[in-house]
Amino acid sequence: MNAIAALLAARELGANLAHVAEALAEFTALKGRGARFSVAGIEIIDESYNANPASMAAALDLLSRAEPRGGARRIAVLGDMLELGERSGELHRGLEKDVASAHADLVFLCGQQMKSLWNALPARARGAYAETSSELAPQLVSTLRTGDVVLVKGSFGSRMSVIIEALRAREAAAA
């Protein structure tokens, strides 16, 4: 959607659309901001840099569009959304609808605020819950199988990059 908007804006400004399209073809998402990569047959969507209710909904929508291979699963790994004020618990719990819409087969959660979402999830969707991303990482890694699609999302302060590092370490260990 952003690429289409960029093309439309470029057209309105009279830019050479062929050049703009060539530049867009070389664009890759930044680490923690939508970067996608594969680890040992598992597709990772790295949204680990920031989170708020709107960006969580958008990332979960992206997960819903993923096509796991060979009967594999959609897995959401979510950390706390920070700095939401007194409505934080309600906003975390409210992600239940977005998780359901994403058709997430398993949900792994970490952080004190995510506990309210954990309590709202149906038992069949519960992967694991931990207070920290460091505690959650090994539980996630041991559950993964070839073909899974994994979304990792949370506020920078929830340290979801630890999950990404654990996934990359899994790849190094397999090599």
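Rule-based calculations on the coordinates, nothing more; no lab input. This structure is a prediction, so every number in the text was calculated from the model and none was measured. Ideal geometry is used to build each Cβ from the backbone, glycine not excepted, and the neighbour counts take in all protein chains shown.
First select every other residue whose beta carbon is under 11 angstrom from the beta carbon of Ser134; then total the charges, Lys and Arg +1, Asp and Glu -1.
-2
Given Cα pairs under 8 Å that are at least 6 residues apart, what percent is the relative contact order of segment 65-155?
Reported as a whole number, the value is 43 percent.
In the chain, what % of DSSP beta bridges are antiparallel (nearest 5)?
25 percent
Taking Cα extents along the principal axes in Å straight from the coordinates, which label in [x] 47, 42, 32; [y] 64, 31, 30; [z] 53, 46, 28 is the correct one?
Matching entry in [x] 47, 42, 32; [y] 64, 31, 30; [z] 53, 46, 28: [z].
Would you tally the net charge around Asp148, using a Cβ to Cβ cut-off of less than 11 Å, leaving Asp148 out, and scoring K and R as +1, D and E as -1?
Charge balance near Asp148 sits at +2.
Per the helix-only calculation at 222 nm, which mean residue ellipticity applies to the chain, given -39500 (n - 2.57) for every DSSP H run of n ≥ 4 and division by its residues, nearest 500 deg cm²/dmol?
My calculation for the chain gives -13000 deg cm²/dmol from helical runs alone.
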